[in-house]
Every structure is written in structure tokens, then in C-alpha cells.
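Nothing in this text is a laboratory measurement; each read-out follows from the coordinates by a stated rule. Since the structure is predicted, the reported quantities are computational estimates derived from the model, not experimental observations. Cβ: placed from backbone, ideal geometry, glycine included. Neighbour counts: every protein chain shown.
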Amino acid sequence: MDTYDISWANLFLGYIMLIIPISILYWFQTGIVRQVFISVGRMTLQLFLVGLYLEFIFNLNSMWVNIAWVVIMIFVATFVTIQRSELNRKVFFIPVLMAIFVSIIIIDAFFIGLVIRSEYFFDARFFIPISGMVIGNCMERNIIAMNTYYRSITRESLMYKYYLANGATRTEALQPYIKEALKASFNPILANMAVIGLIALPGVMTGQILGGSSPNIAVRYQIMLLISIFIGTMITIILTILMGNKYMFDDMDNLKSFQKEPKRNKS
């Protein structure tokens, strides 16, 4: 199958087509037209910069550069996860970081080493995209899971103490909150997996087909990616919760403060 390029002139047509949504937003006086211009501009700049950098990385294809890029993505995902969850960075930085690291090691070893069987494990065209997709999904689902888990415990702290008072261990007392966090995090993924392909083609599969791959090959890649993302996300969430629990409770199983530290006003 041939690969069709998008010329600069045709790319510019896409920006012209933005007149349609912008006109609608302006007509209804939504007040977000300026934000649209800013968001589109930032998106364009960021993607072009990433494209240039990734093209350099792909051509260089150095093991250490590729590993460094993935490590940077993991650190960024860790900071964003903690910030969006409004948790204490000093307490949760290591649990979140280690959870994502372990997940990436397992999934990359499975996907690249066992499924694809690439002769060069750190090949940029496999190592970076697969790691990036897993990290992005782990970050998104982990934010939902942590928000649900920690807010539930805070909101129902008396119920947690009730479980302990009736002889439950800490693990048993926390099980309902872990269950709630997992359901909140994975329900959207399960719903998406149940109807994927029937409503719309997933982004990766669409990109492969547009890039000239056979639909059958694109389907197999997409299935393995979805399975890998599902497994990686589960590992990340469970490890984050289990490692985070070690910092959340004292020796008497009492809940400690784990919220984000308030900013102090300079006098």
C-alpha cells in the first residue's frame, strides 16, 4: 500500500477549516475563542518541535538517548499525576515514579521482546512510541484512581476505623476503597474496548492504515497495544496504591495527612 503525504498547502487547509468551529463559538459568545487560538498555536508549536526532535532521535537511534527520552517522559508523568491528584509530592513521588517504572519495564519486555521480537530492543520506532502510549494512559488512569481512592478514604474515614475496630486488618479495611478506585479508573477503558472499531477506528490503527499498513496488521498491533496498556495501567495503579499505603498510615493504622502542602505566604 502507498503512503500518502500531506503537503504544507493541504495542512494549511486544516487551519482554514477551523473557521467553522471558531465562528460558532464567536456567534454564541462563549468567550473561549481566544483560548482556541492559543491552544491551536501551542499544539502546533509543540508537535512540530517534538516532530523535529523525534526525527533526530529516530535517525540517531542511540540506546542511551532513547532510554533518556523515556525516563524524561516517566518523570513528567509522575509530576503531572501528583499535581493533578493534589497529593503531597514528598510523600507520593517515589511510589508513583516506581510504579510507572516497573510497569514500563514489564510492558516493554513483553511487547518488544516477546511479541515483536525486535533484534534491537531499544529501537526508537518501537521503544519510544510503545513506552509513550503506556505512560500516557497510566498517567491518565492513575490520576482518576488516586483521586477516587484517597478522597474516598478521607470522606469515609470513620467507616475505615469501624472496619478496624471490628477486627479487620488494614488490607481488609482498605479493600472497598481500592475496589471503588479500580472501577472508576477502568470503567471508561472497558467501555472503549467493548465498542472499539464499531463506532470509530482507534488512533493508532488509523495512523497505521493511513501510513500504508495492511488493516489486518494494524488490527493485530492495536489489539496488542490495548492489552499492553490495560496491563500496564493495572500494574501502575496497584503498585501506586500499595506503595502509597506505606506512607499514608502510622504504626497504629491511623490515617496520616497526605494532601498537597499549602503554599506559605512570604512575610
Which of these, Leu164, Leu87, Leu11, has the largest mean-square fluctuation under a Gaussian network model of the chain (Cα springs below 10 Å)?
-> Leu11
For the chain, set up a Gaussian network in which alpha carbons nearer than 10 Å are linked by springs, and say which option among Asn192, Asn166, Asn66 fluctuates the most.
-> Asn166
With a ≥ b ≥ c taken as the square roots of the eigenvalues of the C-alpha gyration tensor of the range 7-60, please select rounded if a/c is under 1.5 and otherwise prolate if a/b is larger than b/c or oblate if it is not?
-> oblate
At what distance in nm do the modelled label points of Asn10 and Leu52 sit from each other, each positioned 7 Å from its Cα along Cα→Cβ?
-> 2.4
Per the rule of 0.36 nm per residue minus the C-alpha distance, extending Ile19 to Val36 adds in nm 5.0 nm
Extension gain, Leu255 back to Asn216 (0.36 nm per residue minus Cα-Cα distance, nm) | 8.9 nm
Which of the helices in the chain meet the span-like rule: DSSP H, Cα axial reach of 30 Å or more, Kyte-Doolittle mean at least -0.5?
-> 33-60, 63-85, 124-155, 170-195, 215-248
Between Asn192 and Val102, what is the label-to-label distance in nm when each label sits 7 Å out along the Cα-to-Cβ direction?
-> 2.4
With the Cα gyration tensor of the chain in hand, give its eigenvalues times 5 under a square root as the equivalent ellipsoid semi-axes, listed largest first in whole angstrom.
-> 38, 25, 20
Fluctuation leader among Ser103, Ser214, Ser131 - the chain, Gaussian network, Cα springs under 10 angstrom = Ser214
